[in-house]
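Structure, as structure tokens:
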Amino acid sequence: MAQRLALLMLLLLAACASPDEPAHPLPQPTAWKAVLIAGDNAEPAFDNAVDAMTEKLENYGLRAQDIIALKASASGGLKANPGNIQKAFSSLASAPSNGCFVFITSHGVPRRGLFMEAVEGTLSPRELDRLLDRGCGDKPTVVIASGCFSGIFASGWSMPASNRTILTAAQSDRTSFGCNARRRYTVFDECVLESLEPHQPWKLVMERVRACVSRSEHEMNFTPPSNPQIYIGRNVEALTTF
């Protein structure tokens, strides 16, 4: 009897399950707004990466007023604290034809997210998901999460969405490399900055990043490999860079 009831329940669940939704490709944004965050100031590499990304985005045509850069080392309205982070993401809510770009670089904490020095805590995938929902909604959105164990942003139930492309520095149980005072950037951030070119598919960008990271880790005998991750939502598979 118990087996029959279990079989009946499985059949009912199968009947109620909805098929995968079809893709609804989103148009390429006509403009972008960006939030860049250096979550920790223990080493200069995080600030350096945010500064370099700001310059790169401006060279690609983003207006200075459309780029908000927050740092743990800054003060006032530019410090990477909860209030300023929420305000920055709220500013992403603009014209429907705009896209959202988010770059966060910091130390990573296993199963928790990226370290935010200003709160002595972390920014988790669930918290970042809420910020993106309020600021970006269903608009094309690109997130680069750089830090150890950052693969949790590209997997699980919190962050992946049909309108999002997510690049991370490592798989969820691996460290990334280069967080020390002797380097200008972390290995992943340096490879992202080198690989990011205008009008390129994000999948191609990540292929270049992975090759660069693998080469650098091999040259410096870093093990095990960080294995950067990528997630591309079904509605933004054709999305290209700026």
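Bear in mind these aren't lab numbers, they're just calculated from the coordinates by the rules spelled out. It should be emphasised that the depicted structure is a prediction, and the values quoted were computed from it without experimental measurement. No Cβ is skipped: glycine too gets one built from the backbone with ideal geometry, and neighbour counts run over all protein chains shown.
Taking square-rooted eigenvalues a ≥ b ≥ c of the alpha carbon gyration tensor, is region 146-242 rounded, prolate or oblate, where a/c under 1.5 means rounded and, failing that, a/b exceeding b/c means prolate? In terms of gyration-tensor shape, oblate.
When the charge dipole of region 30-232 is built from unit charges on Cβ atoms (+1 for Lys and Arg, -1 for Asp and Glu) and taken about the Cα centre, the candidate among Pro96, Ile144, Ser124 whose Cα reaches farthest toward its positive end is Pro96. Label-to-label distance, Ala93 versus Ala23, with points set 7 angstrom from Cα along the beta-carbon direction: 3.0 nm.
Listed by chain and number, the lysines placed with their C-alpha closer than 17 angstrom to that of Lys33 are Lys56, Lys87, Lys139; residues fewer than eight positions away on the same chain are left out. Shown in residue order for region 44-57 are the 3J(HN,Hα) couplings computed by the Karplus curve 6.51 cos²θ - 1.76 cosθ + 1.60 at θ = phi - 60°: x, 4, 5, 4, 4, 5, 5, 4, 5, 5, 4, 5, 5, 5 Hz (x for Gly and Pro). Length gained on full extension, Ala64 to Asp138: 24.3 nm, using 0.36 nm per residue less the C-alpha separation. Secondary structure note: in the chain, about 30% of the DSSP beta bridges are antiparallel. In this rough spin-label picture, where each label sits 7 Å from Cα along the Cβ direction, the Ser75-Trp157 distance is 4.4 nm. For region 30-232, a crude dipole built from +1 on the beta carbon of Lys and Arg and -1 on the beta carbon of Asp and Glu, taken about the Cα centre, is about 340 debye to the nearest 20.
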